[in-house]
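*Asks:* One structure, as structure tokens, below. Some questions next.
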Amino acid sequence: MPTRRFRHKFDEFEQFAIDVIMGRREGTAAALFGAFLQVCSYLFNGIVQLRLWLYRNRILRDQPLGCLVVVVGNLTVGGTGKTPIVEMFAKALRERGRKVAILSRGYKSKAPPFWQKWWFWLNHTEEAPPRVVSDGEKVLLDSEFAGDEPFMLARNLPGVVVLVDKNRVKSGAYAIKEFGCDTLVLDDGFQYLPLKGRLNLLLVDKTNPFGNGFVLPRGILREPIKHLQRASYVFLTKSKGHRDEELEEMIHRFNPSVEIIECAHKPQYLQSISNHERLPLTALAGRRIGAFSGIAAPESFEAFLRETGATLKSTRRFLDHYRFTAEDLAGVFAEAQAAGAEMMITTEKDAVRLAADEKFPLPCYYLRLEIEILRGADDFRDAVEKICFPRGMPVVATNPPV
């Protein structure tokens, strides 16, 4: 009971901090905490600048692995929609004959138990290998030990290796040696400097590009906006199709030659949590629904649901990557039922944290999203062709498509 109470208090404080950063809280407490975060932000910015200077001047050195490295990342924390873009890139590369490995740090994944680490250290002289989420043929870890995004990618990408390790140089070398990979995709790797990418694909959430303009912890920036200059290509995500010339002008001010590719995250269908049933989005029109999510930007998800013509009777938002308890789910479904909801909808990322054999009092589905290129390339395959197979670069198909 004390542990549960402590966790609840910690979650409340974390939500308060997020609300202050996002400008959702007012009052004396929020103002004082914001001022404290501002001081911390100046310190964090100095550390970020120093680290980049050390790598730029070769005092700290990156470690090339001798293959194509594509980095997908962003300047801000969470919510830009990286996973669908990583998935589409990896799929297109695989179909072109590349042997692809996705390297992830496995954010908020559960580490192996201490005894297992100790046993490996006792019996080996080298470092423990990265966790293999998928060997390209089957998924070997669940979302708890893989992390939500790596598990999703492994489940949706047969033929693609997915590895988890904080040391992406080590996991990249492992992918090359053990699986014969010739292309590495760094998921959320823009700030990972030890492994330099040939191509840096920077994602910018069009609905909230840079937050309040401050770096962590006062804002949502991991590094200053001027570091747009490090991007090879900029993807504007979550677009509604309306051009934002002011945002594009800012991007080109820091990176005059960068190409901007505008894309949208399009809902495709509803997938049942408990079976293989798949429903078209039109099934939501006129329906009374409940929604719950534990993602960085729940506003976009809830807006998608309203746009289908559904009536959103209840919504529950949890912290990003929140691992739902039975008590949480019971409360969510009870609230939805009391509000008159007929069915419950969540996100694909949240669905990986739900047991397929769990019994829900209402039909429960997740919303499947895919990427659509709106501007900057005729379609996603053309974008991959242009970015990953530029003119003059040999295409070596070492393995046939799976």
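*Asks:* For a quick check: with amide H placed at 1.01 Å from N, whose amide H comes under 5 Å from Arg218's, ignoring anything fewer than 5 positions away on the same chain?
*Replies:* When sequence neighbours closer than 5 places are left aside, the close amide H contacts are Ser41.
*Asks:* What does the convex hull of the alpha-carbon atoms of segment 185-227 project to on average, in nm²? Mind showing how you got there, number by number?
*Replies:* Details: hull surface 14.6 nm².
That works out to 3.7 nm².
*Asks:* Of the chain, which part is the longest with no GluC sites (Glu not before Pro) in a loop (DSSP not H, G, I, E, B) and with at most 14 other C-beta atoms within 10 angstrom?
*Replies:* Numbers: sites that count: Glu26, Glu126, Glu127, Glu137, Glu277, Glu358.
Here the longest segment lacking exposed loop sites spans 138-276.
*Asks:* What is the diffusion coefficient of segment 230-325 in µm²/s, taking the Kirkwood radius over Cα pairs and the Stokes-Einstein relation at 4 °C with a viscosity of 1.567 mPa s? Present the calculation step by step, with values, prior to reporting the outcome.
*Replies:* Working: Rh = 16.2 Å.
Approximately 80 µm²/s, per Stokes-Einstein.
*Asks:* With each label point set 7 Å from Cα along the Cα-Cβ vector, what nm distance links Glu302 and Ala355?
*Replies:* 2.9
*Asks:* Can you list residues whose amide H is under 5 Å from Leu199's amide H, if they're 5+ apart or on another chain and H is modeled 1.01 Å from N?
*Replies:* Val69, Val71
*Asks:* With all distinct Cα pairs included, what does the Kirkwood hydrodynamic radius of the chain come out to in Å, to one decimal, could you say? Walk me through the intermediate numbers first.
*Replies:* Working: mean 1/r = 0.0441 Å⁻¹.
The answer is 22.7 Å.
*Asks:* What is segment 293-380's relative contact order, in percent, from Cα pairs under 8 angstrom and six or more apart in sequence? Before the final figure, lay out the partial values.
*Replies:* Values: 74 pairs, mean separation 24.1, N = 88.
It comes to 27 percent, rounded to a whole number.
*Asks:* Which ³J(HN,Hα) values in Hz, rounded to whole numbers, follow from the phi angles of segment 269-277 under the Karplus curve 6.51 cos²θ - 1.76 cosθ + 1.60, where θ = phi - 60° and Gly and Pro get x?
*Replies:* Result, ordered by residue: 6, 9, 10, 5, 6, 9, 8, 8, 5 Hz.
*Asks:* Taking all protein chains as present, what is the carbon and sulfur share of the accessible area of the chain, in % to the nearest whole number, probe 1.4 Å? Spell out each step's value before the answer.
*Replies:* On the way: 11120 of 20030 Å².
The computed percentage sits at 55.
*Asks:* In 5 Å bins starting at 0, how do the alpha-carbon pair distances of segment 5-109 split up by percent?
*Replies:* Bin by bin from 0 Å, the calculated values are 2, 8, 11, 13, 16, 15, 12, 10, 8, 4, 1, 0.
*Asks:* Tell me, what HN-Hα J-couplings in whole Hz come from the Karplus equation 6.51 cos²θ - 1.76 cosθ + 1.60 at θ = phi - 60° for each residue of segment 192-198, using x for Gly and Pro?
*Replies:* In residue order, the calculated couplings are 8, 7, x, 10, 7, x, 5 Hz.
*Asks:* For the cross-link pairs Lys196/Lys226; Lys9/Lys313; Lys108/Lys240, which exceed 29 Å when the distance is taken from alpha carbon to alpha carbon? Can you show the working numbers first?
*Replies:* Working: Lys196/Lys226 19 Å; Lys9/Lys313 27 Å; Lys108/Lys240 31 Å.
In this structure, Lys108/Lys240 exceed 29 Å between Cα atoms.
*Asks:* Let me ask another. Please report the relative contact order for segment 185-279, taking Cα pairs under 8 Å with a sequence separation of at least 6, and give it as a percent rounded to a whole number. Show your work: numbers first, answer last.
*Replies:* Details: 111 pairs, mean separation 22.2, N = 95.
So the answer I get is 23 percent.
*Asks:* Starting from the Cα of Glu26, step 7 Å toward the Cβ, then list every residue of segment 208-240 with an amide N under 16 Å from that point.
*Replies:* none
*Asks:* Compute the accessible area per residue over segment 1-78, keeping the other protein chains in place, probe 1.4 Å, unit Å². Present the calculation step by step, with values, prior to reporting the outcome.
*Replies:* Details: 5240 Å² over 78 residues.
I get 67 Å² per residue for segment 1-78.
*Asks:* Any idea how far apart Asn167 and Glu144 come out in nm if each label point goes 7 Å out from Cα toward Cβ?
*Replies:* About 2.7 nm, to one decimal.
*Asks:* For segment 315-325, in order, what is each residue's ³J(HN,Hα) by Karplus, 6.51 cos²θ - 1.76 cosθ + 1.60 with θ = phi - 60°, in whole Hz (x at glycine and Pro)?
*Replies:* So the J values, rounded to whole Hz, are 9, 10, 10, 10, 5, 4, 6, 4, 9, 5, 9.
*Asks:* I've got another one for you. Using alpha carbons only, how many angstrom separate the centre of segment 179-246 from the centre of segment 30-62?
*Replies:* Value for the Cα centre distance between the two parts: 17 Å.
*Asks:* A further question follows. Which three semi-axes in whole Å describe the equivalent ellipsoid of segment 24-85, each the square root of 5 times a Cα gyration tensor eigenvalue, listed largest first? Let's see the in-between values first.
*Replies:* Working: eigenvalues 225, 85, 5 Å².
Over the Cα atoms of segment 24-85, the semi-axes work out to 34, 21, 5 Å.
*Asks:* Once the piece of chain linking Ser274 and Ile18 is laid out straight, how much longer is it, given 0.36 nm per residue of separation minus the C-alpha distance between them?
*Replies:* On the way: separation 256, 0.36 × 256 = 92.16 nm, distance 3.27 nm.
Answer, rounded to one decimal: 88.9 nm.
*Asks:* Then there is this: Using protein chains only and a probe of 1.4 angstrom, how many square angstrom of Leu52 are accessible, to the nearest 10?
*Replies:* For Leu52, the solvent-accessible surface is approximately 10 Å².
*Asks:* Something else now. When the helices in the chain are scored as -39500 (n - 2.57) per DSSP H run of 4 or longer and the sum is shared across all residues, what 222 nm value do you end up with, to the nearest 500 deg cm²/dmol?
*Replies:* Result for the chain: -11000 deg cm²/dmol, rounded to the nearest 500.
*Asks:* In addition: Let me have the relative contact order for the chain, percent, based on Cα pairs under 8 Å that are six or more residues apart. Mind showing how you got there, number by number?
*Replies:* Details: 720 pairs, mean separation 76.4, N = 402.
It comes to 19 percent, rounded to a whole number.
*Asks:* I would also like to ask the following. Taking segment 264-314 on its own, what percent of its Cα-Cα pair distances exceed 17 Å? If you can, show how the numbers build up before the last one.
*Replies:* Values: 494 of 1275 pairs.
Pairs farther apart than 17 Å: 39 percent.
The values are calculated or read from the model by the stated rules, or taken from the named source; none is laboratory data. Predicted model only: the values in this text are computed from it and were never measured. Note that each Cβ is placed from the backbone with ideal geometry, even for glycine, and that neighbours are counted across all protein chains shown. Ligands, DNA and RNA are stripped out before the accessible areas are found, and what is left, the full protein with its side chains, is counted by its heavy atoms. Shrake-Rupley method; radii C 1.70, N 1.55, O 1.52, S 1.80 Å.
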